[in-house]
Ligand code: PHE
Ligand code: CA
Ligand code: ZN
Ligand code: ZN
Ligand code: ZN
């Protein structure tokens with residue numbers, strides 16, 4: 001897998017900050033800053049050769065959107081999917097939550113497009129709206145898929161807050177039975193000398209709808225409102241007694257609220273997973289007898 005450029009991801013974050021600044025300070029679903037964020041991401045993906053689809057749905061805050069991007073090629077019966085929510089809360093610009101996950105998967109999608117690799121499996125990226133209103137976008141997306149389409153999704157990886165300023169290195173401990181992704185993420189961190197912990201985030205982000213259906217899921221997370229313990233602080237070199245993200249769901253969740261080392265480690269972990277799973281052999285799907 002390539003080394004994903006943290007500078008490129010930071011430049012996407014600067015653009016998301018500019019969008020929030022120009023739209024009342026937020027990128028919340030139902031507000032103009034959300035649509036502007038979606039247009040920014042979509043233009044990058046379209047220019048790189050992705051097939052993009054905008055899915056419209058309604059919420060109590062108004063009409064909002066998901067953006068789904070498919071890389072043309074790969075076996076359509078075996079889909080490896082990666083997602084992040086693109087909306088912020090209404091009180092702030094949402095740069096760590098979840099500009100980091102959105103920009104991180106965007107830059108990975110662009111790097112994959114530039115790689116010239118012929119994928120064995122089909123790669124798809126989801127940018128979800130209205131996560132902050134109750135995981136609405138990802139739930140809506142899954143609800144629109146037929147059973148056959150859901151069954152083609154072999155893996156869903158979720159990234160929500162991957163550059164927290166007082167970072168922990170958490171790996172979603174999801175449905176471990178038959179889920180090698182969880183162990184691949186932890187092995188990756190170990191190989192880079194990064195201590196990690198499993199975390200049970202069941203129900204708190206956009207993997208939930210996929211997981212409920214029975215699709216293998218995992219993801220990484222650098223922590224939100226909870227406080228770093230002293231054991232964690234010694235292992236990660238952080239500040240004990242301080243939140244992983246003191247600006248969680250606050251106006252100060254700006255580009256200043258991102259730890260570049262944590263962001264870089266997580267975006268490179270995403271690349272490790274994508275480059276591995278795009279080439280996993282899921283077997284041949286036989287036509288019905
Ligand atoms: N989904 C939460 C939010 O957007 C943050 C979170 C992510 C919490 C991952 C737990 C695990 O506010
Ligand atoms: Ca990197
Ligand atoms: Zn399959
Ligand atoms: Zn949030
Ligand atoms: Zn979030």
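Results, tabulated for the structure shown:
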{"quantity": "Inter-probe distance in nm under a simple model that places probes 7 Å from Cα toward Cβ, at residue 249 and residue 282", "calculated": "3.4 nm"}
{"quantity": "Exposure proxy ranking, count of Cβ atoms within 10 Å, fewest first, for 247, 252", "calculated": "252, 247"}
{"quantity": "Theoretical FRET efficiency, 1/(1+(r/R0)^6), r = Cβ-Cβ of residue 235 and residue 91, R0 35 Å, to 0.05", "calculated": "0.65"}
{"quantity": "Relative contact order, percent, the stretch 111-195 [alpha-carbon distance under 8 Å, six or more residues apart]", "calculated": "12 percent"}
{"quantity": "Ordering of 6-12, 126-132 by burial proxy (mean other Cβ atoms within 10 Å per residue, highest first)", "calculated": "126-132, 6-12"}
{"quantity": "Residue-averaged [θ]222 nm for the chain, counting only DSSP H segments that reach four residues, each worth -39500 (n - 2.57)", "calculated": "-11500 deg cm²/dmol"}
{"quantity": "Segment residue 183-residue 3, extension gain: residue separation times 0.36 nm, minus the distance between their alpha carbons", "calculated": "62.7 nm"}
{"quantity": "Spin-label pair residue 75/residue 213, simplified geometry with 7 Å Cα→Cβ offset, distance in nm", "calculated": "1.9 nm"}
{"quantity": "Proxy reagent accessibility, fewest Cβ within 10 Å first, across 221, 57", "calculated": "57, 221"}
{"quantity": "Once the Cα gyration tensor of the stretch 64-151 is diagonalised, semi-axes √(5λ) in Å", "calculated": "25, 18, 7"}
{"quantity": "Cβ-Cβ FRET estimate between residue 190 and residue 114, R0 fixed at 25 Å, reported to 0.05", "calculated": "0.30"}
{"quantity": "Among beta bridges that DSSP assigns inside the stretch 140-289, antiparallel share in %, nearest 5", "calculated": "30 percent"}
{"quantity": "Relative exposure of 75, 264, 245, judged by other C-beta atoms within 10 Å (fewest first)", "calculated": "75, 264, 245"}
{"quantity": "Counting DSSP beta bridges with both ends in the chain, the antiparallel % (nearest 5)", "calculated": "45 percent"}
{"quantity": "Pairwise centroid distance, computed over Cα atoms, of the stretch 164-189 with the stretch 109-160, Å", "calculated": "18 Å"}
{"quantity": "Mean Cα-pair separation over length for the stretch 139-289, i.e. relative contact order, pairs under 8 Å, 6 or more apart, %", "calculated": "31 percent"}
{"quantity": "The stretch 51-178 - percent relative contact order, Cα under 8 Å, separation 6 or more", "calculated": "35 percent"}
{"quantity": "Label-point separation in nm, residue 21 to residue 151, each point 7 Å along Cα→Cβ", "calculated": "5.1 nm"}
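Only the coordinates and a few stated rules stand behind these numbers; no lab work does. Owing to the predicted nature of the structure, the values given are computational and were not obtained by experimental measurement. Cβ: placed from backbone, ideal geometry, glycine included. Neighbour counts: every protein chain shown.
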